[in-house]
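Student: The following block contains the structure, expressed as structure tokens.
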Amino acid sequence: MRLLATQCLVKLAQCQKQVKHMDKYAASCSILACEQSLSPDKRSHYTQELLQVMRETMDSAQAIIVRAEPLLRVEDVQIDLMKGIGSVGECINVTLKLYSSLEEEVTCGRISFSLQTNELKRVSSIRSSKRNRSASPPVIVDSGLSSAALSEEDLSDKPVTEGQSAEGEDEDDSDCCLQCFNVPLRHGVNEYNLTTQLAEPGHYYLRQLCVEIGRLDFIWPHLALSRESRGFAIVYDPPRINWTQAKDVHLLSGLPQQVSLSILVESGSIANGSVLEVTSQSSSLTFEPIQSGEAVVHSSMGNEGSKTSPYKVQVLTMHGNDDVTDTSVAMVTLPAVGPYAAIDFNLILHASLEKQSSQEEVTEYQLMFNCKWLSPWLPLSCRVHFIVHFPFAMCFTRLKPTVLFR
């Protein structure tokens, strides 16, 4: 029975090629290219035919939708989040292992996983790449239809016209798709990292997977994933920053002063090389660079030991709108920090002595923080206030003259 079905498909593929139904011919070739009942030469022939369709349709205005299996097979999907919980703006990474039966290496312009929220809002993957696909495969012109968001019935023989549009086309779903671009697909098992950053909290579920090779879109309408790989939760849980100084020691103006900052990461994480931007709200307070500092990373839950990691501080000067006031900015390059961990590091400040009035014994300063590893950048609501003391005080007393009578 299987051999008879294969022979029928071979005859059907010949007819499809003659009448130039390239979408149906591509679907037939993708099945025959990995059909074990065919000889290796026959499988190689249909592999070459499929590659030829890819080349001939490279400039096509519309994508050709092809079922991914059995040519491509998902081996494993892993969501790289502790307990499946991430933070708003955090880089979400999903590891995909994909088996390819294609005997030749090809380049995937894009691999994408469409996401569905807990509000059951179907999101597409085509709009998520409009800003990026100019340097990647061509897009479907004036169409909101997403190959990665097609349902089971969308894989019928209905043609995809340019006038069709998906519901909710005006909405921007650019942050609701896991994806990677321009990666090789080799025979055997391939591993890919699909990433995204989400700006809204909620539960997100992995839905349809799409592999784009030229203008051929190989899709899985539905995947049977394990419970741990079906989805994840995004919460609004920004990092918290505290600062400390040595007890019974005042910060003094006119001299470099060292303070310790602590970042509590909460449910998110910090990738190696991420930058914390620290801005002084006063032109009289500046930062000192640190070329090779040592930060202490430890669990905020107290269940693991601490370790030291390198960090550095670069100092920039931002010019104000009036071209008079300059603002000092410290760019702190951080090491990797996992969820529910804390990192402690030092920052060197310098409060100007000249700009502090001799009548003021103390001056209050304010720092603002931007977590540049979050998207969009998240200015922390809590700003750090601290007091810098005048290092010394002089007091003049006028003595009244004393008259002595004899």
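Student: Hey, with R₀ at 56 Å, roughly what FRET efficiency would L255 and D76 work out to, going by the Cβ-Cβ distance, to 0.05? Write out the running numbers ahead of the final one.
Tutor: Working: r = 57 Å, r/R0 = 1.02.
Approximately 0.45, to the nearest 0.05.
Student: With a point put 7 Å past each Cα toward its Cβ, work out how far Q7 is from W243 in nm, to one decimal.
Tutor: Placing both labels 7 Å beyond Cα along the Cβ direction yields 8.3 nm.
Student: Quote the charge dipole size of the stretch 11-103 about the Cα centre in Debye, to the nearest 20; the model charges only the Cβ of Lys and Arg (+1) and of Asp and Glu (-1).
Tutor: Dipole of the stretch 11-103, to the nearest 20 debye: 360 debye.
Student: Separation between the S37 and H319 pseudo-spin-labels, each 7 Å from Cα along Cα→Cβ, expressed in nm?
Tutor: 7.6
Student: Let me ask something else about it. Please tell me the relative contact order of the stretch 1-121 in percent, rounded to the nearest whole number, where contacts are Cα pairs under 8 Å and at least six residues apart. Mind dumping the intermediate values first?
Tutor: Working: 97 pairs, mean separation 24.8, N = 121.
Result for the stretch 1-121 is 21 percent.
Student: I've got another one for you. So if each residue of separation counts as 0.36 nm, and I subtract the Cα-Cα distance between M58 and A199, what length gain in nm does that give? Show your work: numbers first, answer last.
Tutor: Working: separation 141, 0.36 × 141 = 50.76 nm, distance 3.41 nm.
Between M58 and A199, full extension yields an extra 47.3 nm.
Student: Follow-up. Taking neighbour counts of Cβ atoms within 10 Å as a proxy for exposure, in what order, fewest first, do R240, R215, R186 appear? Mind showing how you got there, number by number?
Tutor: Values: R240 15, R215 22, R186 12.
Fewest to most other Cβ atoms nearby, the residues stand as R186, R240, R215.
Laboratory data are not the source of any read-out in this text; all were calculated from the coordinates shown. Computed from a predicted model, the values in this text were never measured in an experiment. So basically every Cβ, Gly included, is an ideal-geometry build from the backbone, and we count neighbours across all protein chains shown.
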